[in-house]
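The values are calculated or read from the model by the stated rules, or taken from the named source; none is laboratory data. As the structure is a computational prediction, the values presented were derived from the model and not from experiment. We place every Cβ from the backbone using ideal geometry, glycine too, and count neighbours over all the protein chains shown. Side chains are part of the model used for accessible areas, which takes the heavy atoms of the whole protein and leaves out ligands, DNA and RNA. Shrake-Rupley method; radii C 1.70, N 1.55, O 1.52, S 1.80 Å.
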Amino acid sequence: MEQGKILVVDDESRIRKLVRDFLTREGYSIYEAGDGEEAMQIYHQQHDLSLIILDVMMPKMDGYEVLQKIRETSQIPIIMLTAKTSEEDELNGFNLGVDEYIAKPFSPKILVARVNAVIRRGAMDNASGNGEVMEAGGIRVDIGAHTAAVDGKEIFLSVKEFELLSYFIQNQGIALSRETILNNVWNYDYFGDARTIDTHVKKLRSKLGSKGDYIKTIWGMGYKFDTSL
């Protein structure tokens, strides 16, 4: 049974083959592109893709350019593969709307786990559409509409930033470890990369403005969302 269609974009054929082989075993249909321009052609041709796995360093058009163009019209989940691991690089991707980062070299099994989690989370969000609205300290999150606002002004959040904010509001006043956040927001087992969470929190705080102070750091543990002074 087909699980979904995934576009794999990487200029290294061996990487594409590795990803294709593992995801095909999971029941996914795989499309491949060797550069950014080819990726955009396939993206415009295939309107029912479930996810895009996108390399950063590519000829003709790099991964960030592809990401930016796609985000102009779509919130399709995007996982970026990168040999760049600096915080600045990750923040750039998250700012443009990437959902997940996986550093090269990577474990194919972990890649599969993250792909399954991202697609499963998207399916759950689409199915939930129940119009639930949460408010806390001037922040309003509409689960059904997938929108967020601060003091009545809408802010743009990536899919993962939206899920993280929603989880924080749902668990106000509770100290949450990084492991707990990763297991519940990213929906896969904790693999020890706390930087993924820290980078998302940093970006989310920035987008919330002064309300970002509601996300308290619990040193040596994780975070707590608290609107009290």
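Residue count for segment 1-38 satisfying the condition of being of a type in the set (A, V, I, L, M) and open to solvent by 40 Å² or more (accessible area, probe 1.4 Å): 2.
Among residues of segment 59-82 being part of a loop (DSSP other than H, G, I, E, B) and in contact (Cβ under 8 Å) with a residue 40 or more places away in the chain, the one that is least open to solvent (accessible area, probe 1.4 Å) is Pro77. Out of Glu135, Glu154, Glu179, one residue alone is open to solvent by 60 Å² or more (accessible area, probe 1.4 Å), among the acidic types (Asp, Glu) and at pLDDT below 85. It is Glu179. Against the definition (more than 27 Å from Glu72 (Cβ to Cβ) and buried (at least 16 other Cβ atoms within 10 Å of the Cβ)), how does Leu208 come out, yes or no? In short, no.
Figure legend. Inter-residue proximity from segment 199-222: first residues within 15 Å of Lys153 (Cβ to Cβ), second residues basic (Lys, Arg) and in a helix (DSSP H, G or I), beta-carbon distance below 7 Å, spacing 6+ or different chains. Indicated pairs: Gly212/Arg205.
Pairs linking a residue in segment 30-58 that is within 20 Å of Ser13 (Cβ to Cβ) and aliphatic (A, V, I, L, M) to a residue that is in a strand (DSSP E or B) and open to solvent by 50 Å² or more (accessible area, probe 1.4 Å), with Cβ atoms under 8 Å and 6 or more positions apart or on different chains, are Ile42/Tyr31.
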